[in-house]
Amino acid sequence: NEVMAVAATTYQDKRASYSNQGQQIEIAAPGGESQKSMLSAWPGGVRCRDINAPLPQSGYCTSEGTSMAAAVVSGAAALALSVRPDLNAGDVRQLLKETATPIAGGPNLVGSGRLDVHKLLRRLLIGDLLISQKVVDLAVTPGSDPFKSLLRLDNASLQGVPWVVNAQSVPTWLQLDG
């Protein structure tokens, strides 16, 4: 119960040919391909496949495999816990699976789908409106040129946040969109 079986995907968002399969697969994540490896967490010279190969500018080795995919999922789980330390391991596992993007292959090949960190974070963030201005006070004189005033509302989460516009003595020519 403390381990997730992770499948690897290619840059084409398909299960990698080297990846495991079966009922135990819970989620998939990028694992790279032989001609398009991913940067690993191994510093140059420590575990590089080809010790004589030139390193990328980062100085880290490149690799591909389910080990790369598992590291991506582990990083997403750590990020989830940094945003919401009140979650337990079971909560994080469920969120990772619920927010995965479905891809071709089915549950025995890619589990719930490919890890989607953006969707995960949007689910974790608390619904909160960020308002560009708290009060819009407009004085318009009759006969003046038309103008617009923009009030921007941003909500980083996927949760709906109710909001209300109160306008006092709204003239018939005023239009409120929202």
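The values are calculated or read from the model by the stated rules, or taken from the named source; none is laboratory data. Just so it is clear, the model here is predicted, and its values are computed rather than measured. We place every Cβ from the backbone using ideal geometry, glycine too, and count neighbours over all the protein chains shown. Areas reflect the complete protein model, heavy atoms only, side chains present, ligands, DNA and RNA absent. Shrake-Rupley method; radii C 1.70, N 1.55, O 1.52, S 1.80 Å.
Listing for the model above:
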| quantity | calculated |
| --- | --- |
| Scan of region 79-89 for residues that are more than 13 Å from the chain's Cα centre (by Cα) and either free of Cβ contacts under 8 Å to residues at least 40 places away in the same chain or crowded, with 20+ Cβ neighbours inside 10 Å (or both), ordered by number | L81, S82, P85, D86, L87, N88 |
| Flag if D86 is assigned to a loop (DSSP other than H, G, I, E, B), out of contact with any strand residue (DSSP E or B) (no Cβ under 6 Å at 6 or more places or on another chain) and at pLDDT below 70 | no |
| Criterion violated by D154 - all others in (1) out of contact with any Gly (no Cβ under 8 Å at 6 or more places or on another chain); (2) open to solvent by less than 70 Å² (accessible area, probe 1.4 Å); (3) at pLDDT 90 or above satisfied | (3) |
| Leading residue by the ranking (modelled with the lowest pLDDT) among those in region 115-143 that are open to solvent by less than 50 Å² (accessible area, probe 1.4 Å) and in contact with a strand residue (DSSP E or B) (Cβ under 6 Å, 6 or more places away or on another chain) | L129 |
| Every pair of residues 6+ apart whose Cβ atoms lie under 7 Å, when the first sits in region 95-106 and is closer than 19 Å to S17 by Cα while the second is open to solvent by less than 30 Å² (accessible area, probe 1.4 Å) and part of a loop (DSSP other than H, G, I, E, B) | P102/G113; I103/G113 |
